[in-house]
1. I need every pair where a residue in the range 62-75 that is assigned to a strand (DSSP E or B) has its Cβ under 7 Å from the Cβ of a residue that is basic (Lys, Arg), sequence separation at least 6 or different chains.
2. Assess whether residue 91 counts as being outside the structural domain of residue 2 (by TED's automatic domain parsing), surrounded by 13 or more Cβ atoms within 10 Å (Cβ to Cβ) and either at pLDDT 95 or above or of a type outside the set (Asp, Glu) (or both).
3. Please determine, by comparing only the residues of the range 46-78 that are in contact with a helix residue (DSSP H, G or I) (Cβ under 7 Å, 6 or more places away or on another chain), of a type in the set (A, V, I, L, M) and buried (at least 16 other Cβ atoms within 10 Å of the Cβ), which one is farthest from residue 88 (Cα to Cα).
Amino acid sequence: MVPVVKDSQNLSMVDLAQEISRLALAARDKKIKPNEMSNGSFTITNYGSIGALFGTPVINYPELAIAGVGAIVDRPVVKDGQIVPGKVMNLTVSADHRW
């Protein structure tokens, strides 16, 4: 079940967050409508929520691409020439090369 945010390019960040929350609640409550799960072009999947650091997300045909978000973890990073603790996350994008 993949809810689709319609016309996301026209939404503010606040409106986008509210629509995502509304669709997620409808999906959890099994009240989501078929037209709220169709005609997507890009998917974001969060395998980090189950602790995975990275993966290879599979595109939902006929969409153009999918981004997979890994877990946020502590790692040493370089900041201003110094090694310091930092938060890092892997982001993987799979795209249909035919488009």
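1. Between residues of the range 62-75 that are assigned to a strand (DSSP E or B) and residues that are basic (Lys, Arg), the close pairs are 74/87.
2. Values: outside the structural domain of residue 2 (by TED's automatic domain parsing): yes; surrounded by 13 or more Cβ atoms within 10 Å (Cβ to Cβ): no; either at pLDDT 95 or above or of a type outside the set (Asp, Glu) (or both): yes.
So residue 91 fails the test.
3. Residues of the range 46-78 that are in contact with a helix residue (DSSP H, G or I) (Cβ under 7 Å, 6 or more places away or on another chain), as a first pass: 55, 68-72.
Now drop any that are not of a type in the set (A, V, I, L, M), which leaves 69, 71-72.
Still in the running and buried (at least 16 other Cβ atoms within 10 Å of the Cβ): 69, 71.
On the way: 69: 11, 71: 8 Å.
Filtering the range 46-78 for residues that are in contact with a helix residue (DSSP H, G or I) (Cβ under 7 Å, 6 or more places away or on another chain), of a type in the set (A, V, I, L, M) and buried (at least 16 other Cβ atoms within 10 Å of the Cβ), the one farthest from residue 88 (Cα to Cα) comes out as 69.
The values are calculated or read from the model by the stated rules, or taken from the named source; none is laboratory data. Everything numeric here is computed off the predicted structure, so don't read it as measured data. Ideal geometry is used to build each Cβ from the backbone, glycine not excepted, and the neighbour counts take in all protein chains shown.
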